[in-house]
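Just below is one structure, and these are the notes that go with it.
The values are calculated or read from the model by the stated rules, or taken from the named source; none is laboratory data. All values reported here derive from a predicted model rather than from experimental measurement. Cβ: placed from backbone, ideal geometry, glycine included. Neighbour counts: every protein chain shown. What goes into the accessible areas is simple: the full protein's heavy atoms, side chains included, and nothing from ligands, DNA or RNA. Shrake-Rupley method; radii C 1.70, N 1.55, O 1.52, S 1.80 Å.
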Amino acid sequence: MKKSTIWIIATIMGLSFLGLLFLQISYMEQMAKMKKEQFDESVNRSLYQASRNLEMNETLRYLEKDVKETERRAFQQDSITVDGLDGTVKQSHQFAVAADDGTVYSSFELKTFAIKPANVPKAMILRTDKSSISEASKSLQEIVRNRYVYQKALLDEVVYNILYTASDKPLKERVNFKLLDQDIRAELLNNGINIPYHFTVETSDGREVYRCPDFTDEGREYVYSQTLFRNDPSPKMGVVKIHFPDMNSYIFSSVRFMIPSMIFTVVLLITFVFTIVVIFRQKRYSEIKNDFINNMTHELKTPISSISLAAQMLNDESVSKSPSMLKHLGSVINDESKRLRFLVEKVLQMSMFDKQTASFKKKELDLNELLESIASSFSLRVEHTGGKIYTEIEAVDSAIFVDEVHFQNAITNLMDNAVKYRKPDQPLDLYIRTWNDKGHLCFSIRDTGLGIKKENVRKIFDKFYRVHTGNVHDVKGFGLGLAYVKKIINLHEGEIKCESELGKGTTFTITLPTLKEDKS
């Protein structure tokens with residue numbers, strides 16, 4: 001599959017996942033916003049009803065108090081009068097309420113009919129009794145009307161007392177805080193809110209007159225307030241303020257069910273990104289392996305061709321077989337066989353390390369002596385370019401416990417790369433330095449060669465990776481040398497770093513642990 005096709009598919013899928021995640025987050029925000037609005041409305045409604053209940057309870061207290069006082073001042077009076085001229089008998093029943101100053105402000109009277117017993121025949125008495133029923137009914141209606149007048153006057157007095165008496169009392173005396181707490185709790189439950197709350201009662205000018213026992217400042221960023229006795233004069237009003245410490249958890253609980261779906265979406269997105277990265281990495285490895293196979297084919301062809309040509313010359317009877325010729329052909333076959341074996345061994349070594357089957361034969365060595373020995377063997381190659389190897393031996397504790405063959409091969413690979421990637425037709429200088437740093441033994445190999453671009457430095461230790469050399473085509477290799485070096489250093493519990501600047505050279509710094517016995 002082409003890289004562009006993979007990028008198109010990856011972009012479409014990535015945007016789809018991001019769009020789905022965005023929609024889920026937006027849906028959660030909208031749900032949380034709606035829940036918050038519902039919560040606000042329910043709390044405000046509950047506080048309003050609680051304040052109304054407070055005012056009604058106060059009115060009820062004053063009404064009961066006034067009724068009792070009025071009933072104590074009420075009196076009833078019955079009277080019977082007889083007219084001396086014609087003997088008419090009049091009977092009446094009166095109920096009245098008087099003020100403290102004796103003024104009667106509400107009364108009603110039940111009047112009976114007047115009769116002359118001496119003048120009424122017995123037969124007429126029966127008829128008069130029937131008519132008296134109608135008279136009594138009318139009197140009862142009058143009683144109801146008068147009772148209404150009485151009750152109205154009673155309520156007028158209660159209202160008067162509330163307006164001019166209750167509002168004069170301090171807010172602390174007017175409000176039953178325990179009853180207010182019960183009303184608020186009941187109204188919140190009626191509106192579907194069952195979470196802890198804290199409340200305070202303040203005067204209109206902000207002075208606090210009550211605070212609930214378990215009051216805390218947590219969650220006070222959202223405070224709900226309601227005016228108490230809103231129809232009183234402004235200085236006489238009160239304010240109840242309430243806040244919910246667990247409000248955010250309550251709001252969040254409404255969208256909590258969306259969290260698993262968001263987690264699954266994020267996991268799918270991460271998995272998808274990881275899959276795309278693996279696909280590109282595998283594609284890159286495939287390209288690198290193809291380059292490796294082509295390069296290896298060319299590398300192996302040279303020694304094979306040389307060996308084949310020498311064998312043909314040995315088998316060709318037309319070619320004279322002088323001792324010098326035979327010696328030359330034998331040396332060619334021997335050298336090319338060694339070269340071929342070296343190439344095969346390098347590939348097999350990396351395969352062996354990948355499978356973690358490598359075994360080391362460690363022994364104690366002196367790093368200073370090892371580096372001087374390797375530098376001496378490379379001196380001819382470096383001097384052939386017109387350059388020189390400079391050594392700075394500063395390490396005092398230079399003992400290391402390593403596998404001599406593999407460790408020496410690693411250092412040789414670093415110096416061999418320095419010689420390979422030198423500047424054409426310019427002398428190459430190598431600087432080898434050792435030193436001790438905080439309980440570690442360090443050494444560096446610096447060259448004045450071509451250098452490496454910054455974007456390629458982090459890739460040079462990857463297997464099969466080779467830095468492009470532009471127009472330089474005479475450098476052969478499999479891209480395994482530095483991967484082998486890093487593997488050896490890591491297996492010796494060391495660390496290798498590379499610093500390079502294009503056109504100025506490269507420095508490899510290796511840090512090793514101090515000498516210790518290998519107990520394995």
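If each residue of separation counts as 0.36 nm, what is the full-extension length gain between Met31 and Leu60 once their alpha-carbon separation is subtracted?
Working: separation 29, 0.36 × 29 = 10.44 nm, distance 4.28 nm.
Stretched fully, the Met31-Leu60 segment lengthens by 6.2 nm.
For the stretch 293-340, what class follows from the C-alpha gyration tensor (a ≥ b ≥ c being the square roots of its eigenvalues): rounded when a/c is under 1.5, otherwise prolate if a/b is larger than b/c, else oblate? Mind showing how you got there, number by number?
Details: a/c = 4.88, a/b = 2.12, b/c = 2.30.
Oblate is the answer for the stretch 293-340, as a/c is 1.5 or above yet b/c matches or exceeds a/b.
With every protein chain left in place, what is the accessible area per residue of the stretch 234-280 in square angstrom, probe 1.4 Å? Could you put the intermediate results ahead of the total?
On the way: 2620 Å² over 47 residues.
About 56 Å² of surface per residue is accessible.
Can you tell me how much longer the chain between Asp366 and Leu20 gets when fully stretched, taken as 0.36 nm per residue apart minus their C-alpha distance, in nm with one decimal? Walk me through the intermediate numbers first.
On the way: separation 346, 0.36 × 346 = 124.56 nm, distance 6.21 nm.
So the extension gain works out to 118.3 nm.
Quick query: amide H of Leu441 versus all other amide H atoms, modeled in the peptide plane; which residues come in under 5 Å with a sequence gap of 5 or more or a different chain?
Counting only residues 5 or more places away or on other chains, the set is Leu512, Thr514.
Obtain the nm distance between the two label points defined at Arg339 and Asp462 by a simple spin-label model: each point lies 7 Å from its Cα along the Cα-to-C-beta direction.
Label-label distance for Arg339 and Asp462, simple model: 3.0 nm.
Kirkwood Rh and Cα-based Rg: tell me the resulting Rg over Rh for the stretch 226-265, rounded to two decimals. Numbers along the way, then the final one.
Details: Rg = 20.0 Å, Rh = 13.6 Å.
Rg divided by Rh gives 1.46.
How far apart, in nm, are two points set 7 Å out from the Cα along the Cα-to-Cβ line at Asn176 and at Glu495?
7.6
To the nearest 0.05, how large is the calculated FRET efficiency for Lys420 and Asp246 if R₀ is 56 Å and r is the Cβ-Cβ distance? Kindly include the intermediate steps, with their values, before the conclusion.
Numbers: r = 70 Å, r/R0 = 1.26.
After rounding to 0.05, the efficiency reads 0.20.
Residues in the stretch 33-66, backbone N under 11 Å from the label point at Arg185 (7 Å along the Cα-to-beta-carbon vector): list them, ranges by number please.
Inside the label zone: nothing.
Which net charge results when you count Lys and Arg as +1 and Asp and Glu as -1 among the other residues whose beta-carbon is under 13 Å from that of Ile432? Working shown, then result.
On the way: positive: Lys388, Arg433, Arg446; negative: Glu369, Glu372, Glu392, Glu394, Asp429, Asp447.
Here the count lands on -3.
How far is it, in nm, from the label point at Ile259 to the one at Ser225 when both lie 7 Å from their Cα along the line to the Cβ?
A separation of 3.5 nm, rounded to one decimal place.
Please tell me which of these pairs span more than 27 angstrom C-alpha to C-alpha: Lys33/Lys241; Lys327/Lys420; Lys453/Lys486; Lys2/Lys420; Lys362/Lys423? All intermediate terms of the calculation are to be shown ahead of the outcome.
Details: Lys33/Lys241 22 Å; Lys327/Lys420 30 Å; Lys453/Lys486 19 Å; Lys2/Lys420 34 Å; Lys362/Lys423 37 Å.
Too far apart for the 27 Å limit: Lys327/Lys420; Lys2/Lys420; Lys362/Lys423.
Pop the C-beta distance of Glu455 and Glu404 into the FRET formula with R0 = 35 Å and round what comes out to the nearest 0.05. The partial results should precede the final answer.
Numbers: r = 36 Å, r/R0 = 1.03.
Here the calculated transfer efficiency is 0.45.
Whose amide H sits under 5 Å from the amide H of Ile389, counting only residues 5 or more places off or on another chain, with H placed in the peptide plane?
Long-range HN contacts for Ile389: Leu430.
Determine the sum of side-chain charges near Ile251: Lys and Arg each +1, Asp and Glu each -1, restricted to other residues whose C-beta is under 14 angstrom from that of Ile251.
On the way: positive: Lys33, Lys35, Lys36, Arg256; negative: Glu29, Glu37, Asp40, Glu41, Glu221, Asp246.
Overall, the nearby charge balance is -2.
Applying the Karplus parametrisation 6.51 cos²θ - 1.76 cosθ + 1.60 with θ = phi - 60° to the phi angles of the stretch 7-16, what ³J(HN,Hα) value in whole Hz is obtained for each residue in order, glycine and proline being reported as x?
Couplings: 5, 5, 4, 4, 5, 4, 5, x, 5, 5 Hz.
Net charge near Leu371: determine it from the other residues with C-beta under 11 Å of the C-beta of Leu371, scoring Lys and Arg +1 and Asp and Glu -1.
On the way: positive: Arg433; negative: Asp366, Glu369, Glu372, Glu392.
Net charge around Leu371: -3.
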